[in-house]
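Structure first, then comments.
The values are calculated or read from the model by the stated rules, or taken from the named source; none is laboratory data. Every value quoted in this text rests on a predicted model; they were computed, and no experiment measured them. Here the Cβ is made from the backbone with ideal geometry for all residues, glycine too, and neighbour counts use every protein chain on show. Surface accessibility is based on the protein's heavy atoms, side chains included, excluding ligands, DNA and RNA. Shrake-Rupley method; radii C 1.70, N 1.55, O 1.52, S 1.80 Å.
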Amino acid sequence: MADEELSPAQKLAIAANFVLNSPPAQTSNVMDDVRTLVGPSVLAPDKEASLLARANKERFAAVEVDGRKVLLTPHGEMPNGSFLDPRGGCMLEVDHKALTAKKSPEPLSAAVQTSIDGARAIRDAVDGEMEAYLKAFLPGAVLTSYGSTGNGIKVVCCVSGVVAELNNYWAGAWRAEWTLEVPMGGSIGTLTGKVVVHVHYFEDGNVQLDDKAVFQCEIPATPSEVGSEFVAKVREQEQAFMAKLEDVYTNMSDSVLQGLRRRLPVTRTKFDWDKLAVAKLAGDLQRAAAK
């Protein structure tokens, strides 16, 4: 049984696990490696395209259109496989392998347009405040905000920031998703948020930090207040998360790193380095006196 060959489906599942858990800015590199490992017969072009599309959606990959960037997220995926560009008011046709996009000639359906228009006032207020917040807090990050109506108003702000210097063996990603739901006719909304940070350092080793936090609270949801209230809670929760990470870094030497090595020698007695220094000094003095 130990030498039994894996089935193509099992190989594909393993390949998918590697790709979907690849470090920041390295999905294409991992894809090249797993293609070599499992072979093109298992990772056929259609399977590869589907896997890349899933990875791009889950990681909030960014594409450029008309000189600005738009995130690819599950919230923006349309039934025909294109992605919504909320600011441009259009759909995007995406090449997931090249990470490029172009505007679709197909217009938004009347139902989708009506749903967007119903949430526009709150969505625009939140989007504007979040854009200003990110310029100060996370320069270079990309924001895409969606608005829709159904039983109430729903606004989803997706944030993605990636910084990588692979030649220097490190990369990092910050990803956040903030969702505001307001019941029809209501003035108070429920804000839920999830923040994920993933850092990879791989010079002479392979060290990764992968952490996340989840939040929930209520905020006023009138168009005049919602933007500032939304950002105030985002700032509060993200700063608390950053403080937690700082504590991890501060205590890492005493907690995490010491757990990777012996605290005491095999004698179970702490070595007295001062005695060693005294003995060495005495030996040096004796040798000097003998000359």
Check: C-alpha center the range 49-108 vs C-alpha center the range 178-209, spacing in Å is 20
Could you run the Karplus curve 6.51 cos²θ - 1.76 cosθ + 1.60 with θ = phi - 60° over the range 181-198 and give me ³J(HN,Hα) per residue in whole Hz, x for Gly and Pro? 10, 10, x, 4, x, x, 10, 10, x, 9, 9, 10, x, 9, 10, 10, 10, 9
Helix-derived [θ] at 222 nm for the chain: sum -39500 (n - 2.57) over DSSP H runs of at least 4, divide by residue count, nearest 500? -13000 deg cm²/dmol
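Once the piece of chain linking Asp32 and Leu166 is laid out straight, how much longer is it, given 0.36 nm per residue of separation minus the C-alpha distance between them?
Result for the pair: 46.6 nm of gain on full extension.
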Å³ per residue of the Cα convex hull, for the range 1-98? 113
Per 10 angstrom bin, beginning at 0 and ending with the bin that holds the maximum distance, the Cα pairs of the chain fall in percents of 5, 21, 25, 20, 12, 7, 5, 3, 1, 0, 0
Tilt, helix 8-20 to longest principal axis of the chain (alpha-carbon atoms), in degrees rounded to tens, equals 80
Please report the equivalent ellipsoid semi-axes of the range 55-185, computed as sqrt(5 x eigenvalue) of the Cα gyration tensor, largest first, in whole Å. 26, 19, 12
Tell me the label-point distance for the pair Ser50, Glu131, using the 7 Å Cα-to-Cβ offset, in nm and rounded to one decimal. 3.8
If packing is taken as the mean number of other Cβ atoms within 10 Å per residue, what is the order of 46-59, 161-174, highest first? 46-59, 161-174
Residues of the range 19-44 with amide nitrogen under 15 Å from the 7 Å Cα-to-Cβ point of Gln10? 38
For Ala232, what charge total do you get from the other residues with a beta carbon under 13 Å from its beta carbon, if Lys and Arg give +1 and Asp and Glu give -1? -4
How much of the accessible area of the chain, in percent, comes from carbon and sulfur atoms when a 1.4 Å probe is used? 55
Would you work out which of Gly152, Asn21, Asn206 lies farthest towards the positive end of the dipole of the chain, given +1 charges on the beta-carbon of Lys and Arg and -1 on that of Asp and Glu, about the Cα centre? Asn206
Modelling each spin label as a point 7 Å along the Cα-to-Cβ direction, I'd like the Gln286/Asp247 distance in nm, to one decimal. 5.3
Any aspartates and glutamates with Cα under 13 Å of the Lys103 Cα? List them, leaving off those in the same chain fewer than 8 positions away. Glu64, Asp66, Asp85, Glu93, Asp95
Can you tell me what percent of all Cα-Cα pairs in the range 164-260 are more than 17 Å apart? 62
Quick one: which residues, 5 or more positions from Ser104 or on another chain, have an amide H under 5 Å from its amide H? H modelled 1.01 Å from N in the peptide plane, none for Pro or chain starts. Met91, Leu92, Glu93
Let me have the relative contact order for the chain, percent, based on Cα pairs under 8 Å that are six or more residues apart. 11
The range 60-68 - phi-based ³J(HN,Hα) in whole Hz, Karplus 6.51/-1.76/1.60, Gly and Pro as x: 6, 5, 10, 10, 9, 9, 6, x, 10
Please determine, in degrees from 0 to 90 and to the nearest 10, the orientation of helix 120-137 with respect to the longest principal axis defined by the Cα atoms of the chain, where the helix direction is its Cα long axis. 20
Under unit Cβ charges (Lys, Arg +1; Asp, Glu -1), what dipole magnitude, rounded to 20 debye, does the range 1-48 have relative to its Cα centre? 160
Within straight-line cross-link reach of Lys194, aspartates and glutamates at Cα separation under 16 Å, skipping those fewer than 8 residues along the same chain: Glu58, Glu177, Glu181, Asp210, Asp211, Glu218, Glu236, Glu238
Between helix 27-38 and the chain, what is the angle of the helix's C-alpha long axis to the longest principal axis, kept within 0 to 90° and rounded to the nearest 10? 80
Averaged per residue, the 1.4 Å probe accessible area of the chain, protein heavy atoms only, in Å², is roughly 60
Calculate, for Ala110 and Ala232, the FRET efficiency according to 1/(1 + (r/R0)^6) with r their C-beta to C-beta distance and R0 41 Å; round to the nearest 0.05. 0.70
